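Right, one structure below, let's go through it.
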Amino acid sequence: MRFTLLVAMLLSPLPVWAVPAEPQAAAPGNVPGYVAKAIADPARASDTKDDARRQMTAVMLFSGVKPGDSVLELDPGAGYWTRVFSGIVGAKGHVYTVWPNETAKYSAKGFAQWTKLAATPHYGNVSLLKQPAQTPTAPTKVDVVFTSQNYHDYHDPFMGPVDIAKFDKAIYDVLKPGGVFLVIDHAAAAGTGLADTNTLHRIDPATVKQEVEAAGFVFDGESTALHNPNDPHTKNVFDQSIRGHTDQFIYRFRKPK
């Protein structure tokens with residue numbers, strides 16, 4: 001889920017345990033020009049205030065997305081990540097954004113806004129797809145499948161819930177050999193499994209790893225760019241004392257060639 005921090009939160013100090021980890025910003029010389037250009041696109045000026053907190057550069061570098069790639073993004077929300085993916089893949093690439101049918105009553109406004117935005121020439125390489133949550137797919141095999149703060153939702157009643165084995169297998173099938181599945185989500189306490197997905201909106205990273213690997217993926221590394229060791233993992237992610245500063249894991253899984 002993607003939500004904007006309330007002004008009240010910004011005006012009051014965070015508890016000590018909610019202070020985020022030191023950002024892991026990439027050195028300017030290590031950022032490819034196509035990534036820097038996409039992030040600096042004036043069309044996403046209103047998004048840039050969140051780039052440091054959400055570690056946009058680090059996430060794009062970790063995803064490995066490049067010009068000419070095809071990306072399948074699940075639950076794009078307001079398009080925060082979509083806009084940068086669009087800029088990176090360019091005219092020879094494509095971004096397919098999947099809006100699960102099951103979220104229609106929750107995402108109608110966002111879908112309408114993004115439908116209008118995607119119709120502009122600037123985002124001519126973006127397509128909107130409405131599909132059953134359990135079977136995400138694209139018209140062609142893709143290089144990257146991406147989901148941010150949404151993997152846990154697929155276990156919850158409002159999504160069906162879906163058969164997660166079939167869901168992960170559908171992602172595996174839509175990827176090209178060697179393709180990447182990137183998962184960002186709010187971390188639950190170790191050993192909690194799926195207990196907190198519908199209450200705290202968190203998921204045990206070990207459970208995600210187990211589920212995705214069961215579909216045939218190979219774990220290909222993790223980034224700690226969004227890690228916050230001071231998050232106690234006991235708060236709902238929408239609790240104002242931790243909102244926007246949760247401990248998040250970034251896992252990369254690869255489909256074998």
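Of the residues making up region 168-208, those that are among the hydroxyl-bearing types (Ser, Thr, Tyr) and free of Cβ contacts under 8 Å to residues at least 60 places away in the same chain are Thr192, Thr197, Thr199, Thr207. For region 111-125, the candidate set comprises residues that are surrounded by fewer than 18 Cβ atoms within 10 Å (Cβ to Cβ) and hydroxyl-bearing (Ser, Thr, Tyr); within that set, the residue that is nearest to Ser86 (Cα to Cα) is Thr120. Using the structure shown, decide if Val35 is crowded, with 21+ Cβ neighbours inside 10 Å and among the β-branched types (Val, Ile, Thr). For Val35, the condition - crowded, with 21+ Cβ neighbours inside 10 Å and among the β-branched types (Val, Ile, Thr) - is met. Given the criteria at pLDDT below 95 and buried (at least 17 other Cβ atoms within 10 Å of the Cβ), does Pro161 qualify? Considered against the rule, which asks whether it is at pLDDT below 95 and buried (at least 17 other Cβ atoms within 10 Å of the Cβ), Pro161 comes out as yes. Considering region 92-110, and only residues there that are farther than 18 Å from Val174 by Cβ and in contact with a Pro (Cβ under 9 Å, 6 or more places away or on another chain), the residue that is surrounded by the fewest Cβ atoms within 10 Å (Cβ to Cβ) turns out to be Lys92.
Residue pairs whose Cβ atoms lie under 7 Å apart, separated by 6 or more positions or on different chains, with the first residue in region 82-101 and touching a residue at least 60 places away in the same chain (Cβ under 8 Å) and within 13 Å of Val144 (Cβ to Cβ) and the second surrounded by fewer than 23 Cβ atoms within 10 Å (Cβ to Cβ) and of a type in the set (Lys, Arg), do not occur. Restricting attention to region 199-229 and to residues that are in contact with a helix residue (DSSP H, G or I) (Cβ under 7 Å, 6 or more places away or on another chain) and either surrounded by fewer than 19 Cβ atoms within 10 Å (Cβ to Cβ) or aliphatic (A, V, I, L, M) (or both), the residue that is farthest from Arg243 (Cα to Cα) turns out to be Gly216. On inspection, Phe238 qualifies as loosely packed, with under 15 Cβ neighbours inside 10 Å and either of a type outside the set (Asp, Glu) or over 24 Å from Arg53 (Cα atoms) (or both).
Gly178 versus (1) in a loop (DSSP other than H, G, I, E, B); (2) loosely packed, with under 15 Cβ neighbours inside 10 Å: which is the lone unmet condition? That leaves (1) as the condition not met. Has region 79-95 got any residue that is hydrophobic (A, V, I, L, M, F, W, C), assigned to a strand (DSSP E or B) and modelled with pLDDT of 95 or more? Yes, there is a match, as at least one residue in region 79-95 is hydrophobic (A, V, I, L, M, F, W, C), assigned to a strand (DSSP E or B) and modelled with pLDDT of 95 or more.
The values are calculated or read from the model by the stated rules, or taken from the named source; none is laboratory data. The shown structure was predicted, so the numbers you read here are calculated from the model rather than taken from an experiment. For neighbour counting, all protein chains shown are included, and Cβ atoms are generated from backbone atoms with ideal geometry for every residue, glycine included.
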